[in-house]
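What follows draws every value from the coordinates through simple rules; no lab data is involved. Remember, predicted model here, so these are calculated numbers, not experimental data. Don't worry about glycine lacking a Cβ; one is built from the backbone with ideal geometry, like all the others, and counts go over all protein chains shown.
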Amino acid sequence: MSNLKIAVFGGGCFWCTEAVFSRLNGVIRVLPGYTGGKIKNPSYREVCSGLTGHNEVVEIQFDTDQISYSQLLEVFFSTHDPTTLNRQGNDVGSQYRSGIYYTDEEQKIEATDFIQKELASLWRDPVVTEVMPLEVFYPAEEYHHNYFARNPEQGYCQIIIKPKLTKLRTIYSKLLKNEH
């Protein structure tokens, strides 16, 4: 299907980012993983050390007939802080940096234009989101997949992820899948 595309975003902990994007209409699959590092097939433990250079990211497969890359960018930038370098809340380290890893020139242009035109007036501090070509994506270990859905009562999920989902429902209710 030619209307299926891939977007890769790093917005802090991939549990949070996966929980947000998996709720959007038109998103077919969200897979947590790693990109941007120096070693092949890194483990979670290696990435968390901060020594590999990888970023925790999600690979989003989406249907462009149902949701646009621009809409994904809007959600991305409203559900994390793109002005904090190597940090999202209490998650600190280069593996939590804000990043967009484009798969083609169109995504690169759209992401850089979005940052320059849309975000400049929204944030007091400069946006530090890196915009880089996607070189390789390594899926995270299975126990990270659908983490929030499988662990909704876990403390991190309640304190960090649940408020992001509340914000998502408040601002982007028209983009959400029908949740029962």
Only one residue in 113, 125, 81 is acidic (Asp, Glu), under 14 Å from the mean Cα position of the chain (by Cα) and either farther than 22 Å from residue 23 by Cα or not in a helix (DSSP H, G or I) (or both). Which one? 81
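Of all residues in segment 88-110, how many are outside any helix (DSSP H, G or I) and under 19 Å from residue 42 (Cβ atoms)? Before you say what the answer is, go through the steps one by one.
As a first pass, look at segment 88-110 and keep what is outside any helix (DSSP H, G or I): 88-93, 97-104.
Narrowing further to those that are under 19 Å from residue 42 (Cβ atoms): 91-93, 97, 99, 101.
Residues flagged as outside any helix (DSSP H, G or I) and under 19 Å from residue 42 (Cβ atoms) within segment 88-110 amount to 6.
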So which residues in segment 79-97 are touching a Phe, Trp or Tyr at 6+ places or on another chain (Cβ under 8 Å) and surrounded by fewer than 17 Cβ atoms within 10 Å (Cβ to Cβ), if there are any at all? 83, 86
In the set 167, 162, the lone residue that is more than 15 Å from the chain's Cα centre (by Cα) and either in a strand (DSSP E or B) or free of Cβ contacts under 8 Å to residues at least 60 places away in the same chain (or both) is 162
Quickly run through segment 57-73 and pick out the residues that are touching a residue at least 60 places away in the same chain (Cβ under 8 Å) and either touching a Leu at 6+ places or on another chain (Cβ under 7 Å) or part of a strand (DSSP E or B) (or both). 57, 59, 63, 67, 71
Determine whether segment 113-126 contains at least one residue that is under 30 Å from residue 45 (Cβ atoms), among the hydrophobic types (A, V, I, L, M, F, W, C), surrounded by 16 or more Cβ atoms within 10 Å (Cβ to Cβ) and touching a helix residue (DSSP H, G or I) at 6+ places or on another chain (Cβ under 6 Å). no
Near pairs, Cβ below 8 angstrom, 6+ apart or cross-chain, from segment 128-146 (more than 13 Å from residue 104 (Cα to Cα) and touching a residue at least 40 places away in the same chain (Cβ under 8 Å)) to any residue that is assigned to a loop (DSSP other than H, G, I, E, B) and among the aliphatic types (A, V, I, L, M): 128/85
Being more than 20 Å from residue 102 (Cα to Cα) and crowded, with 23+ Cβ neighbours inside 10 Å is the filter here; which residues of segment 34-62 pass it? 47
